[in-house]
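A.B. asks: Can you keep this structure in mind? I'll have questions shortly.
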Protein chains: 4
Amino acid sequence: MHMPVINSLKDLQQKVDEWIIKHGGYWAPLAMLSAALEELGEVAREINYYEGFKPKKQNERQLKLGEELADLLFSLICIANYYNIDLNREFDKVLIKYLERDSTRFL
Amino acid sequence: MHMPVINSLKDLQQKVDEWIIKHGGYWAPLAMLSAALEELGEVAREINYYEGFKPKKQNERQLKLGEELADLLFSLICIANYYNIDLNREFDKVLIKYLERDSTRFL
Amino acid sequence: MHMPVINSLKDLQQKVDEWIIKHGGYWAPLAMLSAALEELGEVAREINYYEGFKPKKQNERQLKLGEELADLLFSLICIANYYNIDLNREFDKVLIKYLERDSTRFL
Amino acid sequence: MHMPVINSLKDLQQKVDEWIIKHGGYWAPLAMLSAALEELGEVAREINYYEGFKPKKQNERQLKLGEELADLLFSLICIANYYNIDLNREFDKVLIKYLERDSTRFL
């Protein structure tokens, strides 16, 4: 019998849902995707700074990779909520998929 | 006093860390970013299907947005882990930031 | 007097426009953006292969970075056409912006 | 006999190459990809503004989608140059691919 590994995402999805309902409702899916892309772009900028490829302009704030990752996580959860996707279940399945991929790599 | 809203991500980060340690360790950050981009690209394809802009080829699997979102979540957590980012704390701060942005919108 | 550096993109925009008109017209802008993201995600996958982070599955085609970059270029031009953006002019301005950024970097 | 449709990108690739050589050389490929992602993220932000999903902050500049698309085009060409990809040839092949896809859609 398969025991779920991940059970912590339901709460998070619930909290984001309450937040969104209170603050105007979900955007259209392609607009949420566009917002997620904007956030991943900001993650990219931060990582290029961290890894030394890009100097920060002086008037920019200090490194804020954590904030950008959390923004991205927020928009990811919004998309999942919009489509009634159970992230616990999907994340569990992904871990199993990775395990199987890994276990057959050297056969 | 500020009470944390989100406390469910520590476990998830821990589980992903154990998984990664057992399976070869973290990639270089820009390679993890590239993987996250690949996953967001697959989320994009699925959403364009859902929203009716793109027909699926017959030999492609059924819609699998949940799986793509979980893949993206996995790579997001890998990046956070690599940089020792506490996603609970960052997610909390993001919720507060959104609340403040919202509360001043109509002043 | 400023002489244009780039004058080769007008033709390309024109050809793509003729192609699109003949084949059903432009998609909604956010759907074109989503398509561009999907293509950039495929560029990301190819670069991670080239740079050695990811093995190709055996049933996947050989490396095809050139094709993915051309797909991305196509969707980029579609977005520019949709919004009546003159890419020659914008590209010229970008080259000038980069020159100025560069020339002040060491002051 | 197949006649090339697109012949305008060689010049552009050449000009970007001269520019890059003069200004420090190409970045590592994954860093160029990260820069391209950052630019596509800015394109995303602009499109969400144009399409009405996001208000601009007052201290932000006016809409600048053209500039962001040209930035993206620049980084796309850098990646192509780095890998010695002939964009004319690849773009031609993509147009042919799209034509074939289209012509079989209703069979």
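A.B. asks: Anything in region D:22-43 that is facing chain A (nearest Cβ under 9 Å) and part of a loop (DSSP other than H, G, I, E, B)? List them, or say none.
C.D. replies: Answer for region D:22-43, where residues must be facing chain A (nearest Cβ under 9 Å) and part of a loop (DSSP other than H, G, I, E, B): D:Trp27, D:Ala28.
A.B. asks: Test C:Tyr98 against the stated conditions and say whether it is modelled with pLDDT under 95, surrounded by fewer than 22 Cβ atoms within 10 Å (Cβ to Cβ) and in contact with a His (Cβ under 8 Å, 6 or more places away or on another chain).
C.D. replies: yes
A.B. asks: How do the pairs read when you match residues in region B:86-99 that are at the interface with chain A (Cβ under 8 Å from one of its Cβ atoms) and of a type in the set (Lys, Arg) with residues anywhere that are surrounded by fewer than 16 Cβ atoms within 10 Å (Cβ to Cβ) and not in a helix (DSSP H, G or I), using Cβ under 9 Å and keeping only pairs 6 or more apart or on different chains?
C.D. replies: These pairs meet every condition: B:Arg89/B:Pro4.
A.B. asks: May I pose another question? If you take the residues of region A:62-77 that are touching a helix residue (DSSP H, G or I) at 6+ places or on another chain (Cβ under 9 Å) and over 17 Å from B:Ala36 (Cα atoms), which of them is modelled with the lowest pLDDT?
C.D. replies: A:Leu63
A.B. asks: Would you tally the residues in region D:76-89 being part of a helix (DSSP H, G or I) and touching a Leu at 6+ places or on another chain (Cβ under 8 Å)?
C.D. replies: Qualifying residue count, region D:76-89: 6.
A.B. asks: Additional query: Which one is modelled with the highest pLDDT, of the residues in region B:1-21 that are outside any helix (DSSP H, G or I) and within 16 Å of the chain's Cα centre (by Cα)?
C.D. replies: Once the filter is applied, the top-ranked residue is B:Ser8.
A.B. asks: Could I ask something else about it? Tell me which residues, restricted to region D:44-55, are more than 7 Å from every other protein chain (Cβ to nearest Cβ), at negative phi and either touching a Gly at 6+ places or on another chain (Cβ under 8 Å) or not in a helix (DSSP H, G or I) (or both).
C.D. replies: D:Lys54, D:Pro55 - these are the residues of region D:44-55 that are more than 7 Å from every other protein chain (Cβ to nearest Cβ), at negative phi and either touching a Gly at 6+ places or on another chain (Cβ under 8 Å) or not in a helix (DSSP H, G or I) (or both).
The values are calculated or read from the model by the stated rules, or taken from the named source; none is laboratory data. Bear in mind the structure is a predicted one, so any value in this text is a computation, not a measurement. All Cβ positions, even for glycine, are placed from backbone atoms using ideal geometry, and neighbour counts span all protein chains on display.
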